[in-house]
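Report on the following structure.
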Amino acid sequence: MKILIIGGVAGGASAAARARRLDEKAEIILFERGEHISFANCGLPYHIGGVIPERESLLVTTPEVMYEKFAIDVRVRNEVVKIERDKKQVLVKDLKTGQDYVETYDYLILSPGAAAIKPPISGIDLPGIFSLRNLEDMDRIKSAVKGKASAVVVGGGYIGLEMTESLRHLGLEVTLVELANQVMGPADPEMATMQHTEIKMNSVNLRLGQSVTSFTANDDKIRVILSSGDKIDTDAVIMAIGVRPENGLAKDAGIEVGVTGGIKVNSFMQTSDESVYAVGDAVEVKDLMTGKPALIPLAGPANRQGRIAVDNIFGLKREYRDTQGSAVCKVFDLTFAMTGLSEKQAVKNAIRYDKVYVHPANHASYYPGATSISLKMIYDPDTGRVLGAQAVGLDGVEKRIDVMAVAIRAGMTVYDLEEMELCYAPPYGSAKDPVNYAGFVAANLLRGHGEHFHANEVSTLKPDQKLLDVRTLEEVQAGMIPGAVHIPLHELRQKISELSPDREYMVYCQAGLRGYLAYRILKQRGFRASNLDGGYKTYCMFNQTAVYDKSSMGDDAGSESEIANDAAVAGDVNIVRTLDVSGLQCPGPISQLRKAIDTIDKGQAVEVLSTDPGFAADVPAWCRSTGHQSVSVEKVAGGKYRAVVRKLGQQSCTAITTCQKQMSNVIFSNDFDKAMAALIIANGAVAAGYKVTLFFTFWGLSLLRREPDKPVKKDMMEKMFGMMLPKGVDGLKLSKMNMGGMGTVMMHHVMASKNVATLKELLQQAIENGVKMVACSMSMDVMGIKESELIDGVELGGVAMYIDELSKSNAGLFI
Ligand code: FAD
């Protein structure tokens with residue numbers, strides 16, 4: 001048997017070696033138009049960056065070894081230029097001699113791969129603009145960037161990201177331009193947020209949502225013009241906007257090509273010609289999850305398909321079982337990995353799904369170096385079948401996605417994930433692995449033990465749904481969801497009376513677990529409730545505002561003028577304490593920072609080292625809300641984040657911040673209409689998340705009056721005031737058009753007919769909503785109103801109390 005193979009790298013080399021193992025006598029010829037076969041194209045970026053120092057290590061094997069080991073006739077620098085199917089032969093050009101020759105076959109295997117897409121942008125052919133596919137490209141890029149200052153990478157897929165990292169590793173200033181609003185296109189957008197942070201933390205100029213419109217030569221530089229109008233002069237450009245299957249040979253030979261442009265094959269990797277097989281990046285595969293034709297150019301599938309094609313040539317009847325797109329990418333110190341269905345794909349293909357987010361530690365949190373993994377799992381809400389997973393974190397990410405990949409392939413459900421027995425010892429994992437954990441959360445939901453809502457639904461909550469933040473004060477100081485009320489989990493039982501039974505409480509904590517506990521408390525006490533899946537951490541992933549942005553540094557807290565005017569804080573940063581909180585998860589690092597700040601003097605600074613990627617975004621936010629200065633947040637060796645925070649002000653952090661929005665209003669009038677407005681505003685403010693205090697003084701005290709249980713002793717003046725002032729809201733009159741009481745009666749009638757709550761109901765509602773009612777003791781004294789004449793729940797207070805409340809408030813009205 002004579003087998004010809006076109007392409008000598010992943011798919012082609014695998015096919016050749018397998019063929020020899022199956023048939024010692026077969027004649028096997030491998031054509032490769034390049035200089036090398038079986039090289040590690042996945043390692044190319046890392047040699048450019050110097051992480052893989054030896055070029056030879058990329059050469060997995062050579063033509064000589066292939067001959068010695070497998071007796072395979074490898075012909076490098078030989079390009080197949082035509083397939084003549086009718087004669088079962090190919091036309092080959094020997095690129096060394098320029099001579100053409102013919103070679104016949106019994107079977108032909110195509111593994112020509114995919115070429116980098118070269119968009120028709122003006123100036124694209126200028127010297128200094130490269131793409132990366134093989135060793136020759138690598139050599140060219142390596143010498144072009146040597147000793148140079150800057151580079152622009154176009155395209156934020158995995159090759160673009162790996163090149164960005166490698167060029168930064170060489171010390172170049174790098175701009176990464178990506179047309180979409182996220183890097184790593186196949187990932188769901190929120191799963192790219194942490195990658196964006198990491199890229200920026202490594203001082204890369206990340207330009208999302210922008211494209212290159214043209215390149216021009218500018219002295220010895222290339223000028224890159226972006227769709228935003230910005231111009232970047234750079235030494236080198238790497239184009240990494242994707243690949244397209246090399247289908248030319250097949251097309252010209254009349255071999256069928258699919259809708260995606262990939263060579264069409266059946267499950268045996270056989271093309272429309274039964275003697276011709278095709279594998280690797282050049283073929284159109286079926287997406288395992290959607291069942292649709294797809295191009296998924298990855299090394300694993302190419303290698304497996306090479307083996308399968310050969311097995312079928314030798315009659316072993318093996319089917320390729322579609323591609324599920326398991327992929328992993330290093331983004332500086334982060335790892336992102338995914339497998340199976342993404343949410344984007346589910347939406348696009350109208351596939352029913354639900355999802356959970358969990359953020360557990362990669363290994364036992366008490367063992368040094370624990371970091372969290374943000375894991376998203378997509379599953380079938382009817383059967384619980386696992387459909388897809390994506391994860392991002394510093395360590396242990398790909399291990400969890402590999403487990404998920406197997407679960408998906410095996411058709412497992414979230415219930416199987418709960419039961420999965422995975423390796424555990426403190427340095428490696430947890431007794432409840434992140435995979436188990438994702439299973440627990442999803443299975444709880446499917447069994448009806450929980451109700452959840454998603455971070456992308458926060459902006460569309462209904463009027464009767466109220467966000468309830470159950471995290472600690474420090475966590476809240478580092479950022480909270482606008483409009484939420486804050487009751488820490490440990491205070492929830494005591495403060496439960498502050499919650500309204502008419503509302504549905506949309507609970508959240510940092511990562512989901514405490515939110516679930518709060519949800520269980522609320523449900524068992526008869527409240528409607530739902531837990532934010534994956535908590536505030538997931539919310540931040542959806543809201544890029546929470547992401548570290550260098551432009552927001554420095555003036556996050558404490559205005560520049562405040563700093564400059566203060567001799568104590570001017571000049572160099574005086575770091576008096578260093579904390580290494582590596583391994584602690586949120587709120588650990590922020591808690592430690594707060595404690596440290598409490599121990600130092602104004603103007604002094606604390607340096608904190610953390611491995612928590614969320615810390616980079618938390619520090620500026622925390623400083624913003626506590627009034628301290630976030631001097632710098634940067635990435636340092638060992639994958640750690642280093643933050644320097646300067647103490648401003650003299651109060652301890654806890655005293656500075658009020659987490660909840662607050663309103664303090666003075667009710668001076670006892671007019672019916674003004675009282676009405678005051679109570680409507682108070683109830684509305686509570687609904688909008690405000691803590692409200694109403695301070696009743698002079699005539700306003702009438703609203704709080706009631707008939708005393710027993711007669712009150714009063715002097716003459718007090719008796720007169722007592723008679724003049726209405727006893728409670730029922731006695732109030734309109735400020736205008738009262739017409740001897742007629743107008744007020746008419747108003748009551750109109751309100752009843754229009755179903756408007758009465759003053760009494762509004763007052764009752766305000767009390768039930770937790771509005772703090774304060775009666776001015778000085779006015780009471782002046783007007784002779786005694787405490788026993790006031791409705792229940794009213795506190796007495798003076799002007800100092802009012803001023804204190806007002807100083808903590810975002811708003812105050814005088815009515
Ligand atoms: P290739 O490996 O590209 O081989 C095709 C070969 O065919 C080429 O050498 C070409 O010269 C030759 N050829 C084409 N036409 C002819 C012809 N007419 N005559 C003779 N020879 C011909 N995948 C991953 O899964 N993980 C990774 O981390 C990863 N990193 C990558 C990094 C880089 C920089 C690149 C370029 C790719 C990376 N890939 C990665 C993708 C992976 O390398 C490919 O999916 C895989 O190599 C495809 O194998 P293939 O055999 O189809 O094509």
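The values are calculated or read from the model by the stated rules, or taken from the named source; none is laboratory data. Since we're looking at a predicted model, the values are computed, not measured. Backbone-built Cβ (ideal geometry, glycine too); neighbour counts: all protein chains shown.
Need the failing condition index for I255 against (1) in a helix (DSSP H, G or I); (2) out of contact with any Phe, Trp or Tyr (no Cβ under 6 Å at 6 or more places or on another chain), just the number.
Checking I255 against (1) in a helix (DSSP H, G or I); (2) out of contact with any Phe, Trp or Tyr (no Cβ under 6 Å at 6 or more places or on another chain), the one that fails is (1).
Can you pull out the residues in the range 713-770 that are outside any helix (DSSP H, G or I), exposed (fewer than 13 other Cβ atoms within 10 Å of the Cβ) and free of Cβ contacts under 8 Å to residues at least 40 places away in the same chain?
Within the range 713-770, K713, M737, K754, N755 qualify.
Given the conditions (1) surrounded by fewer than 19 Cβ atoms within 10 Å (Cβ to Cβ); (2) near the ligand (Cβ under 9 Å from one of its atoms); (3) over 47 Å from the mean Cα position of the chain (by Cα), and given that D23 satisfies all but one, which numbered condition is not satisfied?
The failed condition is (2).
(1) over 20 Å from the mean Cα position of the chain (by Cα); (2) more than 19 Å from I124 (Cα to Cα); (3) among the basic types (K, R): which one isn't true of R223, the others all being true?
For R223, the failing item is (2).
I need a count of the residues in the range 258-283 that are under 18 Å from A327 (Cβ atoms) and in contact with a strand residue (DSSP E or B) (Cβ under 6 Å, 6 or more places away or on another chain).
Residues that pass the stated criteria total 4.
Regarding the range 136-156, can at least one residue be identified that is over 25 Å from L176 (Cβ atoms), at pLDDT 95 or above and surrounded by fewer than 17 Cβ atoms within 10 Å (Cβ to Cβ)?
no
Could you please tell me which pairs satisfy a Cβ distance under 9 Å, a separation of 6+ or placement on different chains, a first residue in the range 224-243 that is touching a residue at least 60 places away in the same chain (Cβ under 8 Å) and aromatic (F, W, Y), and a second residue that is surrounded by 22 or more Cβ atoms within 10 Å (Cβ to Cβ) and not in a strand (DSSP E or B)?
Note: no pairs meet the criteria.
Only one of (1) touching a residue at least 40 places away in the same chain (Cβ under 8 Å); (2) within 14 Å of the ligand (Cβ to nearest atom); (3) assigned to a loop (DSSP other than H, G, I, E, B) is not met by I52, so which one is it?
(1)
Which condition from (1) within 9 Å of the ligand (Cβ to nearest atom); (2) closer than 20 Å to V310 by Cα is the one that I72 breaks?
(1)
Residue-by-condition table, conditions (1) of a type outside the set (S, T, N, Q); (2) closer than 15 Å to Y107 by Cα; (3) away from the ligand (no atom under 13 Å from the Cβ):
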| position | (1), (2), (3) |
| --- | --- |
| E256 | yes, no, yes |
| I263 | yes, no, no |
| A309 | yes, yes, no |
| L334 | yes, no, yes |
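Could you please find all residues in the range 102-116 being of a type outside the set (F, W, Y) and more than 12 Å from the ligand (Cβ to nearest atom)?
Answer for the range 102-116, where residues must be of a type outside the set (F, W, Y) and more than 12 Å from the ligand (Cβ to nearest atom): V102, T104, D106.
Restricting attention to the range 780-815, and to residues there that are within 40 Å of the chain's Cα centre (by Cα) and of a type outside the set (A, V, I, L, M, F, W, C), which single residue is surrounded by the fewest Cβ atoms within 10 Å (Cβ to Cβ)?
S807
Among the candidates A19, A26, A15, A10, single out the residue that is small (G, A, S) and free of Cβ contacts under 8 Å to residues at least 60 places away in the same chain.
Only one candidate passes the filter, namely A26.
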